[in-house]
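Each reported figure results from applying straightforward, stated rules to the coordinates on display, with no laboratory input. These figures come from a predicted structure and were not determined experimentally. FYI the Cβ positions are ideal-geometry reconstructions off the backbone, even for glycines, and counts take in every protein chain you see.
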Number of protein chains: 2
Amino acid sequence: MTKKLRTKPPARTTYRHGDLHRALLEAGIALAREGGPHAIVLREATRRAGVAPNAAYRHFASRQDLLEAVRSAALSELANAMEAEIAKVRRVKSPEEAARATLRAVGAGYLRFAFTETGLFRTAFATPELLGFTSNPARKGRSGLDPLELLGSALDTLVATGLLPPERRPGAEFLAWSSVHGFAMLVIDGPLHEVPRADVDSIGARVIAMVEKGI
Amino acid sequence: MTKKLRTKPPARTTYRHGDLHRALLEAGIALAREGGPHAIVLREATRRAGVAPNAAYRHFASRQDLLEAVRSAALSELANAMEAEIAKVRRVKSPEEAARATLRAVGAGYLRFAFTETGLFRTAFATPELLGFTSNPARKGRSGLDPLELLGSALDTLVATGLLPPERRPGAEFLAWSSVHGFAMLVIDGPLHEVPRADVDSIGARVIAMVEKGI
DNA sequence: AGAGAAACTGGACGCTGTCCACATTCGGAC
DNA sequence: GTCCGAATGTGGACAGCGTCCAGTTTCTCT
């Protein structure tokens with residue numbers, strides 16, 4: 001064993017770190033990815049950045065503040081996962097079919113992220129006190145939309161193609177989001193936890209079908 | 001100010017506490033009720049029980065163990081809330097209408113508990129590692145059914161009255177549970193947090209309607 | 001009455017977030 | 001170019017947490 005081959009920063013020689021804010025944020029993201037929100041530990045983040053614990057306070061007001069920043073990054077990655085799934089849909093037959101497929105893609109991307117990046121997913125929705133995801137640049141994906149906006153956009157398209165009556169549009173994102181999010185939780189640490197991936201996917205498809213039908 | 005009028009146990013004079021297990025569990029439940037899962041703190045529980053911190057280890061293997069016990073109690077109370085709502089339904093017109101109303105009551109009870117006993121609700125589904133609610137006597141309500149079983153029973157009745165095709169019955173509880181649970185999370189600490197109760201209730205009704213229709 | 005087990009106490013350890021006082025360095029005004 | 005204030009990082013401390021170990025008190029069973 002050489003001494004600790006953790007991603008140890010090369011023992012900076014300069015007094016100033018140079019980009020500590022980003023280093024701490026990235027350490028926080030790594031921690032969240034590995035162990036979820038409660039694995040985000042200030043001292044460990046500073047350790048990984050090769051800096052004294054207190055240095056963090058020049059860049060984040062508190063552990064909670066760092067948590068919040070990681071949370072935004074997680075939401076942004078969630079948006080990217082959703083966009084990736086949506087991108088696969090393009091160039092299909094009818095606009096109607098495309099609209100439906102896009103809505104399904106939104107759900108599928110959400111679930112894929114939840115199951116693939118569980119730690120980040122949990123972090124995205126870990127909030128000791130209130131807060132959802134109000135519009136915040138840090139939480140958007142590459143397309144410039146955050147997860148809720150992506151869902152809203154898919155629903156708008158559904159209305160535009162005449163597949164969803166306009167009077168049922170308001171608040172529809174909450175119906176869809178509830179179902180898919182709840183399902184993710186059920187799988188991540190609920191009764192569906194031990195169920196094989198294939199079965200999970202098929203139930204997931206039914207959840208999305210239920211939304212399409214019942215919305 | 002008299003010195004701390006917290007529910008201070010009357011400074012027991014005996015060496016033995018007498019019923020420390022229950023006292024700790026109840027302190028844990030109180031803490032969870034006030035501040036959710038992470039407010040369950042071993043030392044605080046022992047303080048409220050008027051006992052040294054280590055005494056807890058004679059009754060719970062770890063903080064996690066106490067958390068787990070509180071969690072079971074919370075699930076049991078959730079079952080009770082659901083049962084209470086179901087009880088209101090009895091003696092309606094047709095069996096079909098009764099079956100539908102019962103399913104809605106299951107959802108309504110779930111949501112009422114989530115919004116009324118938020119701390120306990122959060123605790124019921126807080127689980128650092130895996131686990132859902134497998135059958136466990138401590139998690140049942142007065143009727144002898146746990147929350148998931150209550151939902152399952154309502155769905156069975158729906159099938160019995162011919163309102164739900166039997167082939168769609170398997171796994172249906174996961175569709176219903178996903179939607180209602182997700183909605184609860186959305187309200188408790190998601191984008192719907194600031195929305196007035198009346199609006200929340202009306203969206204909640206739509207969620208339940210979606211399930212009835214899309215299941 | 002005595003022995004062994006069960007319940008509780010006391011003190012300690014390492015970990016955490018956070019605060020205060022101090023050291024170093026950077027960038028701009030003269 | 002030099003000086004000075006602001007920004008950044010360090011060191012040491014504190015309280016609170018979960019947990020462990022060793023001792024003490026009490027109960028129960030023979």
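Quick one: net charge around B:M210, please, counting Lys, Arg +1 and Asp, Glu -1 for every other residue with C-beta under 13 Å from its C-beta.
Charge balance in the 13 Å sphere: +2.
If you scale each eigenvalue of the Cα gyration tensor by 5 and take the root, what three semi-axes come out for the protein assembly as shown, rounded to whole angstrom and sorted largest first?
Working from the Cα gyration tensor, I get semi-axes of 37, 34, 18 Å.
Take the Cα gyration tensor of chain A, multiply each eigenvalue by 5, square-root it, and list the three semi-axes largest first, rounded to whole angstrom.
They are 38, 18, 15 Å, listed from largest to smallest.
Hey, what number do you get for the protein assembly as shown at 222 nm if only DSSP H runs of n ≥ 4 count, each worth -39500 (n - 2.57), divided across all residues, to the nearest 500?
Rounded to the nearest 500, it is -19500 deg cm²/dmol.
Neighbour counts of other C-beta atoms within 10 Å: give me A:T123, A:T161 arranged from fewest to most.
A:T161, A:T123
Hey, any idea what the orientation-averaged projected area of the convex hull of segment B:55-106's Cα atoms comes to, in nm²?
4.5
Only sites in a loop by DSSP and with at most 15 other Cβ atoms within 10 Å count here; which trypsin sites (Lys or Arg not before Pro) in segment A:130-207 make the cut?
A:R142
Along the principal axes of its C-alpha atoms, what lengths does segment A:70-194 span, in descending order and rounded to whole Å?
So the extents along the principal axes, rounded to whole Å, are 41, 35, 28.
Which of these, A:E97, A:E194, A:E173, has the largest mean-square fluctuation under a Gaussian network model of chain A (Cα springs below 10 Å)?
Looking only at A:E97, A:E194, A:E173, the biggest GNM fluctuation is shown by A:E194.
May I ask for the net charge around B:D201, where only other residues with Cβ less than 14 Å from the Cβ of B:D201 are counted and Lys, Arg are +1 while Asp, Glu are -1?
Charge balance in the 14 Å sphere: +2.
With helices defined as uninterrupted DSSP H runs, which ones in chain A have an alpha carbon span along their own long axis of at least 18 Å and mean Kyte-Doolittle hydropathy of at least 0.0?
A:20-35, A:63-87, A:95-116, A:147-160, A:172-189, A:197-214
With springs connecting C-alpha atoms under 10 Å apart, model chain A as a Gaussian network and identify which of A:P191, A:P53, A:P147 has the largest mean-square fluctuation.
The residue with the greatest mean-square fluctuation here is A:P191.
Using only atoms on other chains, find how many Cβ atoms lie within 10 Å of each Cβ of peptide B:166-176 and report the average.
Going residue by residue through B:166-176 and averaging, the value is 4.
Rank A:G119, A:G107, A:G190 by mean-square fluctuation in a GNM of chain A with C-alpha springs under 10 angstrom and give only the top-ranked residue.
A:G190
Sort B:L150, A:L31 by Cβ crowding within 10 Å, fewest neighbours at the top.
Fewest-to-most ranking of B:L150, A:L31: A:L31, B:L150.
Using only the alpha carbons, work out the radius of gyration and Dmax of segment A:160-215 in angstrom.
Cα only, segment A:160-215: 13.4, 40 Å (Rg, Dmax).
Which of B:I29, B:I40 has the fewest other C-beta atoms within 10 Å, and how do the rest follow up to the most?
Lowest to highest Cβ neighbour count: B:I29, B:I40.
Could you please report the charge total around B:A32, scoring K, R as +1 and D, E as -1 over all other residues with beta-carbon less than 14 angstrom from its beta-carbon?
Neighbour charge sum, excluding B:A32 itself: -1.
Can you compute the FRET efficiency between A:F115 and B:E68 using 1/(1 + (r/R0)^6), with r the Cβ-Cβ distance and R0 = 25 Å? Round to the nearest 0.05.
With a Förster radius of 25 Å, E is 0.50.
Find every distance from the label point of A:Y57 to the corresponding label point in the other copies (7 Å from Cα along Cα→Cβ) and write them in nm, one decimal, shortest first.
3.2
How long are the semi-axes of the ellipsoid equivalent to segment B:20-109, from square roots of 5 times the Cα gyration tensor eigenvalues, in whole Å, largest first?
That gives 39, 10, 10 Å for the three semi-axes.
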